[in-house]
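What follows is one structure encoded as structure tokens, with my remarks underneath.
The values are calculated or read from the model by the stated rules, or taken from the named source; none is laboratory data. All values reported here derive from a predicted model rather than from experimental measurement. Quick reminder, even Gly has a Cβ in these numbers, built from the backbone with ideal geometry, and neighbours come from all protein chains shown. For the accessible areas, the whole protein counts, side chains as well, though only heavy atoms, and no ligand, DNA or RNA atoms are used. Shrake-Rupley method; radii C 1.70, N 1.55, O 1.52, S 1.80 Å.
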Amino acid sequence: MKIPNGHEIIQLFEKFSPKELAMEGDKIGLQIGRLNRKVERVMIALDVLENVIDEAIEKDVQLIIAHHPPIFRPLKNILTDTVQGRMMAKLIKSDIAVYAAHTNLDIATGGVNDWLAEALGLEETEVLVPTFAEKYKKLVVFVPRSHAEQIRQVLGEAGAGFIGNYSHCSFSAEGTGRFMPGAETHPFIGQSGKLEAVDEVRVETIVPEPLLKKTLSMMIKAHPYEEVAYDVYPLDNKGETLGLGRIGNIPEMTLKEFAEKVKTDLEVEAVRVVGDLTAKVNKVAVLGGDGNKYFSHAKFKGADVYVTGDFYYHTAHDAMMQGLNIVDPGHNVEKVMKQGLTKTLQKMCHGAGYEVEIFPSEVNTDPFQFV
């Protein structure tokens, strides 16, 4: 086991929640501090408030991974006699880095919206608002027959060749490769200045676009040739569709019963409800955070009830007139990400051989109370 630096932890995290998933203009990534230092303790937080920072200092944290970016609008200054300036000063003085993962963590498979759907017991879930379709490349590489199996294995380990639930998918065809090594070469097969004909295998597979660079690097490293012959083609094939929110099914119950279930499952004191409390609900849409502008997607996909936060008065009227029930448990229910991401990142770091403590913030950052 090794103690990783911040870059190594974030590289792992971004495999789970890539930056390219984020909505345009979202303020994600490293916002404060540095990653080029050893990290022994990581704290997962929903918000970065002053009491959260004090908790991180007390627990000797080197890195905070937060869902809500602490710097969402450009700063004109950092004045240490203001709350925000004081927060920035505390983080910098304590050498605590803050990395924000916002809509990319909402959209990621196994991310915020999946954790919410799981907490509510939704089954047969699918994406509510598609925002991203994975793109593929076709990779073709030519290799001597003796190394074909090794190359196929390396491509699979790099993440190439995944089609649905099948891995290590590839196609091979045998043929003859011809080449003449130059005067300054050190060929694996053949001699300088002599035309060679070699029994080779054409190996082709598909690669998710984000994994192409890594796949090529691993393939070239494992290939016996000094100069590797390969081709990369664009494909129209689309992979997994990702997006905001989830929609799925629960056993039928009344809207009132479902509202009570939301309170229990998402650990909130109260919820706001739009609709007839005696209405039957079975198909549920959920979208973490402020989901006002996506209620029509829930209606279009046949949801009986839409669970989201910060619902507006007039938007509630619009949903009511369209016959869509609403349950608003507040924005803070995204706190499910603290435990969810802690477990996910712990597993990833353990698999990578990293010795690092990862834990959720214990501070309650919900600004609302019910009296």
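List of remarks:
- Set side by side, the residues LEU244, LEU211 differ, and just one is open to solvent by less than 60 Å² (accessible area, probe 1.4 Å) and either in a helix (DSSP H, G or I) or farther than 30 Å from PHE370 by Cβ (or both), which is LEU211.
- Matching residues in segment 169-200 - criterion: being surrounded by 13 or more Cβ atoms within 10 Å (Cβ to Cβ), under 18 Å from TYR233 (Cβ atoms) and of a type outside the set (Gly, Ala, Ser): CYS169
- For segment 33-59, taking the residues that are of a type in the set (D, E, K, R) and more than 19 Å from ILE10 (Cα to Cα), the one that is least open to solvent (accessible area, probe 1.4 Å) is identified as GLU55.
- Residues located in segment 76-100, provided they are within 26 Å of GLU14 (Cα to Cα) and in a loop (DSSP other than H, G, I, E, B): SER94, ASP95, ILE96
- Residues of segment 139-194 satisfying the condition of being β-branched (Val, Ile, Thr), touching a residue at least 60 places away in the same chain (Cβ under 8 Å) and farther than 16 Å from GLU227 by Cα: VAL154
- Filter result (part of a strand (DSSP E or B), open to solvent by 80 Å² or more (accessible area, probe 1.4 Å) and out of contact with any Cys (no Cβ under 7 Å at 6 or more places or on another chain)) within segment 135-168: LYS135, TYR166
- Residue count for segment 6-17, restricted to those that are surrounded by fewer than 18 Cβ atoms within 10 Å (Cβ to Cβ) and not in a helix (DSSP H, G or I): 0.
- In segment 214-241, of all residues being open to solvent by 70 Å² or more (accessible area, probe 1.4 Å) and outside any strand (DSSP E or B), the one that is nearest to LEU122 (Cα to Cα) corresponds to LYS214.
- Scanning segment 4-43 for residues that are closer than 15 Å to ASP106 by Cα, touching a helix residue (DSSP H, G or I) at 6+ places or on another chain (Cβ under 7 Å) and of a type in the set (Lys, Arg) turns up just one, LYS19.
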